[in-house]
Structures are given as C-alpha cells and as structure tokens.
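Chemist: Please find one structure pasted underneath; my questions will follow.
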Amino acid sequence: RLRAIIDCDPGVDDAIALMVASSPDSEFELIGVTAVAGNLPLQDTFRNARALMAFLGRPDLPVLAGADRPMTREPVPAIHHIHGANGLGGYELEMPIASTPTKTAIEYIIEACSQGPVTLCPIGPLTTIAQLLAKAPEVIPAIDRIVLMGGAAFVPGNVTQTAEFNIWADPHAAAVIFNAPIEKVMIGLDVTLQVGAEPSWIETLANPGHRTALAAAAMLRGYNSGSMALHDPCVPVFLDRPDLFDGQRCRVSVGTEDGSDGYGQTFATPDPSGDTIVLNKVDADGVRAHVAEAIFSLGD
Ligand code: BDR
Ligand code: CA
C-alpha cells in the first residue's frame, strides 16, 4: 500500500477529504497530515487538522504545521464566507489538548521520505511542499508522486477568471512544484466542479446513528461555495479508485506575474513527455458514492 501524506488547509472539503483518507477500507496508508495557511490562517487550519484526526479516532497520527504565509506574495484573507467562521462550516469539534509540536511539517516529511516512498497529496496552497523541495531536494527520489487538488487547465478559475484558489494563493510555490522533476496528477476545477455535493446527497449522510456521517453532513450544510464542489475529496478518491477519472499527460506552467491576467493560472499543454497528468473526466456519481461509503466505513 502506498504511503500518503495529506497537506491541507481545513476547510470543509479538506475535512471531508481527511475522512475519506481515514477509511479502514482505503487502498493507501495515510501516514501523516500537514497543515498550511490557505482557507484560514495556519493556526486555524492546524487546529482543525488536529481536531479532525482526533475526532476520526487517529489521535496518534502525526499532524504537523507547515508554512504560515506564501513564499512571495501577500497572504490572502481567510475565506470564512465559504468555509464558515471556524473553517468547518460552523460544526464545532472538541479541540485536542494543545501539545508542543515536536517538529515542523518539512522535518516530518523529510523523515517520512527517509523511511520509504511517499505520495504527497496537497489539497491547499503549495507553499510547504515548495519549501520542502527547496530545502531538501534530496527527498525528490523518494516522492513517488504528487497528487494535488489545484488549478484550472481548460476551464475558468474560481478566484479570478483564470485562477483557482490553491494556485492563486501561492503561485510561486505552485511554479516550483510544476517545475520539479516529479510525476504529478493535477486534479483541478476541470474535474472537481463536476462533483457537486447536492443537498439531497448531503442529507443521505445525515444518519442520526452515525456520528462521523452526521458531522460530514453538518459541515457540508455550512459549506458555502457556489458550486458546492467536493474539490479536495477527489484526491483520496483518486488514490482509491483511479478508474473513476481520466486525463491527459501535459506540461504545466504557472502564471506568477502579479497584475497579469494569468496570475495564478495553470497553463497546460498536452505533451506525451510532460510530467503531469491533468485530469479532465470523472464519474461524479461514482466519486460521491465512494465518499459516502468511505465515511460510513468509519467508526460511528
Ligand atoms: C480549493 O480551494 C479551497 O477553498 C478548497 O479547500 C479547495 O482546496 C478549491 O479551489
Ligand atoms: Ca483545501
């Protein structure tokens, strides 16, 4: 089973992704979680990530804090209007007892890479992962793949006409990732906007006898993205069920010129020798069914 690290900024859809990745039936092993500033400042995403893993019955899983601000650009404001005041759609989780982290996200990932191949799964801005590659390029051979949620290759953006949030929030970091000699799978708006969480589907999760599913339903009711897309859960679903997706091998570059139309845009050029598979087709019903099944497989 491949060893996966999820780098996240919870975030309602991040929270659902962590649930899916915690399923005992999953095809991969979630070995750790790192938090990055994005949807909310780092202290909030880190707190939410720790609280979620404790809630999911994994209080022992390593959860480490990564970058608290983008590499070059100004930090972006928290998007409470989409993810709620606490980032989890207003759903309150009991906070774990604060303990002093023993290491940083970067130190943790370096250590994990020294113990065997790792699949990195960023579902927030790419700052921490870019800083990791800059600081410790020797880890590159141990990264078997980066499977990321971010970008918009052949569809419009969701923050600007051209840019998707995770890339726009730190385009310089995204450029480092797309330039790195590592195999990548880009799960951008091209596919995630096709996977909406319709109200009727959310209500199928609201099973009073299942605390995890109930929490998922409550968080999703407080999720206020216009599209209601299950962006981030597509990453763990892809690891479990790549057959639900299809894509095209491309070369991808990122617009980093502040003020330009393409700032934060992912420019994808189909190229059989490119190092990024840009997903563009998805069986949305299959993804929703897998998300629900994974959530119901978790302890109630
Ligand atoms: C991405 O932006 C965030 O708000 C979501 O958590 C997701 O990672 C979608 O553009
Ligand atoms: Ca996210």
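Just so it is clear, none of the values below were taken in a lab; they were calculated from the coordinates. This one's a predicted model, so the numbers in the text were calculated from it and none came from an experiment. Please note: Cβ atoms are built from the backbone with ideal geometry, for glycine as well, and neighbour counts cover all protein chains shown.
Chemist: Taking 8 Å as the Cα distance limit and 6 or more residues as the minimum spacing, I'd like the relative contact order of the chain as a percentage.
Modeler: 21 percent
Chemist: Can you list the lysines whose alpha carbon is less than 29 Å from that of Lys103, not counting same-chain residues fewer than 8 positions off?
Modeler: Lys135, Lys184
Chemist: Kindly list the residues of the range 238-254 that lie in the label zone of Ala289, defined by a backbone N under 19 Å from the point 7 Å along the Cα-to-C-beta vector.
Modeler: Label zone hits: 238-246.
Chemist: Using θ = phi - 60° and the Karplus relation 6.51 cos²θ - 1.76 cosθ + 1.60, list the HN-Hα couplings for the range 138-148 in order, rounded to whole Hz, with x at every Gly or Pro.
Modeler: The phi angles translate into 5, 7, 3, x, 7, 8, 6, 6, 10, 10, 10 Hz.
Chemist: Another question about this same structure. For each of Lys103, Lys184, count neighbouring Cβ atoms within 10 Å of the residue's Cβ, then give the residues from fewest to most.
Modeler: Exposure proxy ranking, most exposed first: Lys103, Lys184.
Chemist: From the phi of every residue in the range 93-100, what ³J(HN,Hα) in whole Hz does the Karplus formula 6.51 cos²θ - 1.76 cosθ + 1.60 yield, where θ is phi - 60° and glycine or proline is x?
Modeler: 9, 5, 7, x, 4, 5, 10, 6
Chemist: Ser260 to Ile140: extension gain in nm, 0.36 nm per residue of separation minus the Cα-Cα distance?
Modeler: Extra length available between Ser260 and Ile140 comes to 40.1 nm.
Chemist: Can I ask one more? Can you give me the C-alpha center-to-center distance between the range 1-70 and the range 219-289, rounded to a whole angstrom?
Modeler: 19 Å
Chemist: Still on this model: Give me the dipole magnitude in Debye, nearest 20, for the range 163-300 about the Cα centre, with unit charges on the beta carbon: positive for Lys and Arg, negative for Asp and Glu.
Modeler: 220 debye
Chemist: Further question: Skipping prolines and chain starts, which residues have an amide H placed within reach, meaning under 5 Å, of the one on Asp144, given they are 5 or more residues away or on another chain?
Modeler: Val118, Thr119, Leu120
Chemist: OK, next. Rounded to the nearest 500, what is the chain's calculated 222 nm mean residue ellipticity when only DSSP H runs of at least 4 contribute -39500 (n - 2.57) each, over all residues?
Modeler: The helix contribution divided over the chain gives -9500 deg cm²/dmol.
Chemist: Compute the signed sum of charges (Lys and Arg +1, Asp and Glu -1) over the other residues within less than 10 Å, Cβ to Cβ, of Met228.
Modeler: Residues close to Met228 contribute a combined charge of -2.
Chemist: Grab the Cα-Cα distance for His80 and Glu203, subtract it from 0.36 nm times how many residues apart they are, and report the gain in nm with one decimal.
Modeler: 42.0 nm
Chemist: Go through Pro122, Ala142, Leu88 and say which Cα lies farthest out towards the positive end of the charge dipole of the range 80-190; charges sit on Cβ, +1 for Lys and Arg, -1 for Asp and Glu.
Modeler: Most positive-ward Cα: Ala142.
Chemist: Next question. Please list the non-local residues whose amide H lies under 5 Å from the amide H of Asn158, H modeled 1.01 Å from N, same-chain partners needing a gap of 5 or more.
Modeler: Ala163, Glu164, Phe165
Chemist: Output the relative contact order of the range 223-298, whole-number percent, from Cα pairs under 8 angstrom with separation of 6+ residues.
Modeler: Once divided by the residue count of the range 223-298, the mean separation gives 32 percent.
Chemist: Give the long-range amide H neighbours of Phe267: residues separated by 5 or more places, or on another chain, with amide H under 5 Å away, using H modelled in the peptide plane at 1.01 Å from N.
Modeler: Ser253, Val254, Gly255
Chemist: Then there's this: Quick check on the range 88-217: take the gyration tensor over C-alpha atoms, sort the square-rooted eigenvalues as a ≥ b ≥ c, and tell me if it's rounded (a/c under 1.5), prolate or oblate.
Modeler: Here the range 88-217 falls in the oblate category.
Chemist: Report the extension gain between Thr100 and Ser273 in nm, rounded to one decimal, defined as 0.36 nm multiplied by the number of residues separating them, less their alpha carbon distance.
Modeler: Length difference between fully extended and current span is 57.8 nm.
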